[in-house]
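Report on one structure; see the data block that follows.
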Amino acid sequence: MTIDSMRATPRPGEAADPQFVQLLTPEGERVEHPDYPLDLTPDDVRDLYRDLVMVRRIDLEAVALTRQGELGIWASLLGQEAAQIGSGRAMNEHDMAFPTYREHGVAYCRGVDPLNLLGLFRGVNHGGWNPAEHGFHLYTIVIGSQTLHAAGYAMGIQRDGVLGTPGAGAAIAYFGDGATSQGDVNEAFVFASVFNAPVVFFCQNNQWAISEPLERQTRIPLYQRAQGFGFPGVRVDGNDVFACLAVTRAALAQARDGQGPSFVEAYTYRMGAHTTTDDPTRYRHKADEEAWKLKDPIERVRSYLVRNGLADAGFFDSVDADAKTAARALREACLSLPDPEPGAIFEHVYAEPHPLMTAEQEAFAAYLASFEEVTA
Ligand SMILES: Cc1ncc(C[n+]2csc(CCOP(=O)(O)OP(=O)(O)O)c2C)c(N)n1
Ligand SMILES: [Mg+2]
């Protein structure tokens, strides 16, 4: 193997790599992969299309709300809809997802009200959903730490003795290309591997960690890292919702069956800024974004539906109209979210009173009271 052939940088013709699982081309043409058969009814495909459009619209609304000063910050999923809807729809009711901060599409699949996500980024809640109820853990800002939580949770599932039974669930950890450089992630890989824990490591390789490009994280394709840890790794077209669904389904099924962890690298692109505080024009070329636009995850499903006569203009219009209605309702609900009492930030940090917390709480109360004295 030459050094060049080991490089991780994207290149034209990547799809020709047999290790790159693709079931739907950017032109909307269905292709088969021997390891990942996938039978979808026309309704299934239309539902996936609807999901993709809905989450893109919700995301767009959140970006707009941030620009208008209504949210403090937002991490857009633009471009990553297929990776999230495909993997999210692969989960069963017993599975548990451990997201980072960009998994709004997975949250949608798990039945988490997007208003909770907006509340978090508006600074009026700490997430606000019950992870156990949705099989979807709270968002994690500390890069990669949720992979350890997922590995530990998976070891717990193992000890429940349910693997291989119909009631089995698995853990799935979501993280980025940048996160693979974190110690936590590598430690999670070791634990998952040696304990054969039922966890899927789902890496959305969106090519960027804020302004750091993929080549600053790795010299080999990320999915190949798995081999060194002792479990299988696969690279999937992250802009192909069919492939993401099929590959994640297989990985979760293996985990639930007691066959241990696996690594899925969803090869995609972060089409927007890292967050609304970031300006990607400072560090990347517009031409790259333009090239990835041609691989848009929604357009290819739309092309597939049209090509096969599975949807007409009426269907597409109704999906757009539903997305618009949902976005409007979300905006209105967001604007009427009540502000919490300032002191509420200290609640639920620890289960028991904590001296440091009490001291900070008192200092904050005194700070707030100082304003009253000035106006008095
Ligand atoms: C432990 C830790 N270090 C640094 C940061 C600052 N930080 C926030 S996002 C980010 C980049 C993450 O990139 P990646 O894992 O590729 O995820 P993406 O944002 O692309 O989805 C960094 C370094 C952090 N939140 N946590
Ligand atoms: Mg990234």
Subset of segment 293-338 [touching a residue at least 12 places away in the same chain (Cβ under 8 Å) and β-branched (V, I, T)]: I298, V301, V306, V319
Output for segment 63-85, where each listed residue is small (G, A, S) and over 19 Å from R110 (Cα atoms): A64, G69, G72, G79
Qualifying residue in segment 194-209 (condition: more than 26 Å from D240 (Cα to Cα), in the same structural domain as T248 (by TED's automatic domain parsing) and either in a helix (DSSP H, G or I) or within 16 Å of ligand 1 (Cβ to nearest atom) (or both)): yes
Unmet criterion (only one of (1) within 16 Å of ligand 1 (Cβ to nearest atom); (2) surrounded by fewer than 18 Cβ atoms within 10 Å (Cβ to Cβ)) for R225: (2)
Residue count, segment 229-241 (criterion: in contact with a Gly (Cβ under 7 Å, 6 or more places away or on another chain) and in a helix (DSSP H, G or I)): 1
Inter-residue pairs, beta-carbon under 8 Å, first closer than 18 Å to W292 by Cβ and aromatic (F, W, Y) and in segment 194-216, second away from ligand 1 (no atom under 12 Å from the Cβ) and outside any strand (DSSP E or B), 6+ apart: W208/R284
Residues located in segment 203-242, provided they are away from ligand 2 (no atom under 16 Å from the Cβ) and of a type in the set (F, W, Y): F229, F231, F242
Residues located in segment 190-207, provided they are surrounded by fewer than 24 Cβ atoms within 10 Å (Cβ to Cβ) and out of contact with any Pro (no Cβ under 8 Å at 6 or more places or on another chain): V190, F191, V194, F195
Selection count where residues are assigned to a loop (DSSP other than H, G, I, E, B) and either farther than 17 Å from V241 by Cβ or modelled with pLDDT under 95 (or both), scope segment 71-101: 13
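The values are calculated or read from the model by the stated rules, or taken from the named source; none is laboratory data. As the structure is a prediction and not an experimental result, all values here were calculated from the model. For neighbour counting, all protein chains shown are included, and Cβ atoms are generated from backbone atoms with ideal geometry for every residue, glycine included.
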